[in-house]
Amino acid sequence: MHDIPLHDRYRRRLNYLRVSITDRCNLRCVYCVPRDTIPRMSHRDILRYEEILRIVRIGVSLGITKIRITGGEPLVRKGLLPFLEELTRLEGLVDIALTTNAVRLQEYLEPLKAAGIKRLNISLDTLRRDRFARITGRDHFDQVWGAIEAAHALGFQPIKLNVVAMKGINDDEFRELAALTRQLPYHVRFIEYMPMGNPNLPGDPYLSNDQVRQRIEQEEKLVPVPPGSTDGPAQRFRYPGAPGEVGFISPLSHHFCDRCNRLRLTAGGKLRPCLLSNQEYDLITPLRAGASDADLRAVFLEGARLKPMAHGLIAGGKHVDARMSSIGG
Ligand code: SAM
């Protein structure tokens, strides 16, 4: 149970921790990492599971109630399942979710369910196999689609499909992707491309979500979904009568900094209060030097307190020089 709820200087309550458990990934998405040149962190520099659990426990004691496991690709790190089982046993956490590219998801579905993970976010930028290979650098579309269908059959709910909307790359597919929700209870969410990760991406693929929505609504308008108590930053809609939802996450055009409730724990053991701002607070060094829980708690509180009011791109930056894979998208 928490004793001091985490707040920042702007009175935002921070109760959501996104944890990157690895910087490694089995895909090379064009917008995320420069192809073939990604420097990998050494194993030594990556938090061990027991270190992550200790930090999460401290976070929970301060009011973190929601965790998302991400990466890199979380399903490539060995020992994930016992770690998740430990995590689900922590008292005070009400929500544990996983973000994955689903390449290895099929083999993990049953054990994930048994470990108590119900909520999956799956990255899927296209429904075309050849295009999938071009975007991700790997020919794994069939595996990913098979895993999505299997997750649905096993009762995972909700299944959120995250699409990075990109001009000239997948913008002719937005309607088709949104139309999945007419038959299936998936939540297809369009995310604005953020200029970070791969600084060498040719052209500017950014499209605002207003532009994306315009394209989707050419034939039929979407209707808003009434807000729920656990809503994140997505603006939620559905086609009339459809079982699924279409969401828009717009970190650039309609940023949600004023109600951002997130902190991030990077694979390298830094507390990062804002995805799009390079300010980080070191937890791994004191932790490995024998710091007490009280010392680590002080770092947590300081990092939270100093969370920036608005993210780096709003503050005038053009590119955030940081890798999503180690921070955790
Ligand atoms: N490997 C997992 C996956 O693919 O879902 C988790 C990590 S991945 C970095 C998390 C999310 O970040 C993915 O949905 C990915 O599309 C998104 N992402 C990465 N780089 C991005 C960028 N430059 N702009 C917008 N979204 C990005």
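The values are calculated or read from the model by the stated rules, or taken from the named source; none is laboratory data. Keep in mind that this is a model prediction, so the values were computed, not measured. Cβ sites come from the backbone with ideal geometry, for glycine too, and all protein chains shown count toward neighbours. Remember, those area values only see protein heavy atoms, side chains included, never the ligands or the DNA or RNA. Shrake-Rupley method; radii C 1.70, N 1.55, O 1.52, S 1.80 Å.
Summary table
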read-out: Theoretical ellipticity at 222 nm over the chain - DSSP helices of four or more residues, -39500 (n - 2.57) apiece, nearest 500; value: -8000 deg cm²/dmol
read-out: Heavy-atom accessible area per residue - the chain, 1.4 Å, Å²; value: 44
read-out: Percentage of interatomic Cα-Cα distances in the chain larger than 30 Å; value: 32
read-out: Partner aspartates and glutamates for residue 66 [C-alpha distance under 12 Å; skip if fewer than 8 residues away on the same chain]; value: 91, 95
read-out: Modelled FRET efficiency - R0 25 Å, residue 214 with residue 255, Cβ distances, 0.05 increments; value: 0.80
read-out: Counting DSSP beta bridges with both ends in region 16-327, the antiparallel % (nearest 5); value: 20
read-out: Magnitude of the charge dipole, the chain, Cβ model with Lys/Arg +1 and Asp/Glu -1, debye to 20; value: 400
read-out: Net charge contributed by nearby residues that have their C-beta within less than 14 Å of residue 93 (K/R +1, D/E -1); value: +3
read-out: Region 54-115, dipole about Cα centre (Lys/Arg Cβ +1, Asp/Glu Cβ -1), debye to the nearest 20; value: 180
read-out: Approximate spin-label separation residue 223-residue 91, in nm, with each point projected 7 Å along Cα-to-Cβ; value: 4.5
read-out: Length-normalised contact order for the chain - Cα pairs under 8 Å, 6+ apart - percent; value: 23
read-out: Surface share of carbon and sulfur [accessible, 1.4 angstrom probe, percent] for region 16-327; value: 51
read-out: Heavy-atom accessible area order for 78, 167, 66, largest first, 1.4 Å probe; value: 78, 167, 66
read-out: Estimated FRET transfer efficiency when R0 is 51 angstrom, pair residue 293-residue 118 (beta carbons, to 0.05); value: 0.95
read-out: With all protein chains modelled, accessible area of residue 245 [1.4 Å, Å²]; value: 10
read-out: For region 16-327, with +1 on Lys and Arg beta carbons and -1 on Asp and Glu, the positive-most of 251, 205, 150 along the dipole; value: 251
read-out: Set of lysines near residue 221 by C-alpha distance (under 29 Å), chain-local residues within fewer than 8 positions excluded; value: 160, 167
